[in-house]
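Before any comments, here is the structure.
The values are calculated or read from the model by the stated rules, or taken from the named source; none is laboratory data. In this text, all values refer to a predicted model and were calculated from it rather than measured experimentally. Here the Cβ is made from the backbone with ideal geometry for all residues, glycine too, and neighbour counts use every protein chain on show.
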Amino acid sequence: MKLSTKGRYGLRAMVDLAVNSAGDHVSLCSIAERQDISENYLEQVFSILRKSGLVKSVKGAQGGYVLADNPVNIKVGSILRALEGDLSVVDEGLEDNISHQSIIQNCIKLNVWDKINESINSIVDSLTLEDLVNEYKKISGNSPDMYYI
């Protein structure tokens, strides 16, 4: 499985939105500038995210987008599935006839493809937008200082 630019850019834009919104709307222009992504391309991506219920649009000259929910409730898997569809590495259906070839295919499907798919889904469904925001803040040095007594 290889994620398209739609999935990669969309996830980046969602993290950017979560980091920079502070409860207020953020313009696509500012996200596009910070992430070095075409604003026209982001419009297409955010149209999908809006239809999926992950963001809300704010109309007008000072408009933009806000997250539809708290970042802790938005799973990375939901974002990627909205933009990419199913995250399976192989879409392999089994034929109705039982043959030596279909038994081998079923063996590989159950022991390789299904396990890879389960692992991918487990990872993307365990990560939230909030997790990525916190990691971003740690890496960039924007996390609040912790004081211990």
>> For residue 101, only one of the following conditions fails: (1) out of contact with any Phe, Trp or Tyr (no Cβ under 8 Å at 6 or more places or on another chain); (2) within 25 Å of residue 130 (Cβ to Cβ). What is its number?
In response: (2)
> Can you find even one residue in the range 110-131 that is surrounded by 14 or more Cβ atoms within 10 Å (Cβ to Cβ), at pLDDT 95 or above and not in a helix (DSSP H, G or I)?
Replying inline: yes
> Taking residue 73 and the conditions (1) more than 22 Å from residue 126 (Cβ to Cβ); (2) at pLDDT 95 or above; (3) in contact with a strand residue (DSSP E or B) (Cβ under 9 Å, 6 or more places away or on another chain); (4) of a type outside the set (Asp, Glu), which numbered condition does it fall short on, given that it satisfies the others?
Replying inline: (1)
